[in-house]
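Presented below is the structure to which this report refers.
Computed from the coordinates by the stated procedures, all read-outs in this text should not be read as laboratory data. Bear in mind that the values here come from a model prediction, so they are computed numbers and not experimental data. All Cβ positions, even for glycine, are placed from backbone atoms using ideal geometry, and neighbour counts span all protein chains on display.
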Amino acid sequence: MRKNFSLLALVLLLAFATACEPINSDEAEGKNTENSLALQDQDPVEEMTGLEVLAEEDFQYSKSLKIKRLAEDYIYVDMVDGAERVLLVPKDKDFLDLEEEDLRQIHYPVENIGVLSTTHVALFRAIGQLDKIAFVNYEPETWYIDGVVDRMESGEIDFVGNYYDLDYERIQEDNPDLVLRSSFVGEEEEKLNLKLDDLGIPNMGISQYVEEDPRGRIEWVKLIGILVGAQEEAQAYLEDQYARIDKVVEESKALEKSPTIASFRVGEDGTSVKRSGDYSIKMFELAGGTYGLAGLVEEGTGAYKITPEEFYAQAQDMDILIHENMGTFIETKDQLLQYGDYLGDLKALKEGRVYATKENYWQEMDKTAEMIEDLHAIIKGEATGDLYFYQEVK
């Protein structure tokens, strides 16, 4: 009995000694580091939504659109580094209870959409989804996208007023699942956003205009494809556009010379040129040209005004010039010379290599490959007559 008691006491003493053994500090630090790294590695979207990120959409050229596929078919969309964020929620699921006030939640797929930008409408055409559009903000006579006018005349697509003077009662009658608006930043745009929010109408901005590569602009069709359940069509469209553009790029490598080319605008309000990061400049390069104003213009995207003297100094020896018909519409040399006799001394005008964009240029973004093919013909000197997007200034 005494022997058994002594054995039991020894076992308890050893157990107590083991429990009291000091923890190895290196081991503890290692475990803490692992836990800390695990927290750091967690995707912020997972932390925000409580849903696992399963995959991220692959974009070859877009720098401003991020799409993450989450568990349970939720999809997270980030535009322009958080300028607008959207959580797409499957129709059969409820919105999540989130602390993020600036994260819009929208049910998808959608069937009845209001579209307040012509270029966004073009992406619907690209994937055969014009039937999903409930209304637009341009009148029938202003459209150059096949199918839109016919649908407006038949009543399938409604006209709800101009962008800054929308008929909100009519919009409510159309009862859209979603309104796609421009994400330009300005006082009027903010009023529009707030009004749609106040009326309880789901809406989101589309920001493809910030892309510096034309191929990045059309990659926003992936978001449209997700919204309307046409992702395969969106991918097929992109692959066709990529292939056609790649063919032009390969052909351009065989050119003996890469002519200088630039776009400009003249009008009563002055002369404008494009900034160095504008997508149109990338189109010139893809088509085989060299941007003639490189190093002379401001950085960024879009156009800005310069003096006539500055423009002449920069463009006098340019091989090719493209007048972007916006506001002032130029078709002939005489019309161009009304904005300054000095324009007659431009090398490109003397050699008959000044072109102007047609009316459809600003709408048919889905035909980006065609634009680049037209430019390639101009650059090679093989543009006979009017092209699809450009016309010679005669």
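Shape verdict for the stretch 287-394, please, from the Cα gyration tensor: rounded (a/c under 1.5), prolate (a/b greater than b/c) or oblate. Rounded, because the longest to shortest axis ratio a/c is under 1.5. Among beta bridges from DSSP that stay inside the chain, the antiparallel ones total about 50%.
Each label was represented as a point 7 Å from its Cα along the Cα-to-Cβ direction; for Glu232 and Gln338 these points are 5.3 nm apart.
Bridging of Lys333 to aspartates and glutamates at a Cα separation below 13 Å is possible for Asp341, Asp345, Glu351, Glu392, once same-chain residues fewer than 8 apart are set aside. Available extension along the chain between Lys93 and Lys247 is 51.0 nm, counting 0.36 nm per residue and deducting the alpha carbon span. Rounded, prolate or oblate: pick one for the stretch 120-186, where a ≥ b ≥ c are the square roots of the eigenvalues of its C-alpha gyration tensor, a/c under 1.5 means rounded, and failing that, prolate if a/b is larger than b/c, else oblate. Here the stretch 120-186 falls in the rounded category. So how tilted is helix 2-19 from the main axis of the chain? Cα-based, degrees 0 to 90, rounded to 10. Tilt of helix 2-19: around 20 degrees. Springs join every pair of Cα atoms under 10 Å in this Gaussian network model of the chain, and among Ser252, Ser280, Ser154 the largest mean-square fluctuation is at Ser154. Rounded to the nearest 20, the Cβ-based charge dipole of the chain about its Cα centre (Lys and Arg +1, Asp and Glu -1) stands at 1000 debye.
For the stretch 343-378, the residues whose amide N sits under 15 Å from a probe point set 7 Å from the Cα of Thr384 along the beta carbon direction are 377-378. Only aspartates and glutamates eight or more places from Lys63 in sequence, or on another chain, were considered; those with a Cα closer than 14 Å are Asp78, Asp81, Glu211, Glu212, Asp213, Glu219, Asp278.
Among Thr368, Thr328, Thr290, the largest mean-square fluctuation in a Gaussian network model of the chain (Cα springs under 10 Å) belongs to Thr328.
Once you sort the root eigenvalues of the Cα gyration tensor of the chain as a ≥ b ≥ c, which label holds: rounded (a/c under 1.5), prolate (a/b larger than b/c) or oblate (the other case)? Since a/c reaches 1.5 and a/b is larger than b/c, the shape of the chain is classed as prolate. Of the peptides 115-127, 83-95, 196-208, the ranking by mean beta-carbon count within 10 Å, highest at the top, reads 115-127, 196-208, 83-95. Amide H contacts for Asp158 (H built 1.01 Å from N in the peptide plane; partners 5 or more residues away or on another chain; cut-off under 5 Å): Phe135, Val136. Tell me, what is the FRET efficiency for Asp240 and Glu188 to the nearest 0.05, using R0 = 45 angstrom and their Cβ-Cβ distance as r? Plugging the Cβ-Cβ distance into 1/(1 + (r/R0)^6) gives 0.80. Relative to the longest principal axis of the Cα atoms of the chain, the long axis of helix 368-380 makes an angle of roughly 50 degrees. Over 22 Å apart at the Cα level, from the set Lys257/Lys282; Lys274/Lys358; Lys282/Lys305; Lys68/Lys132; Lys350/Lys380; Lys247/Lys282, are Lys68/Lys132.
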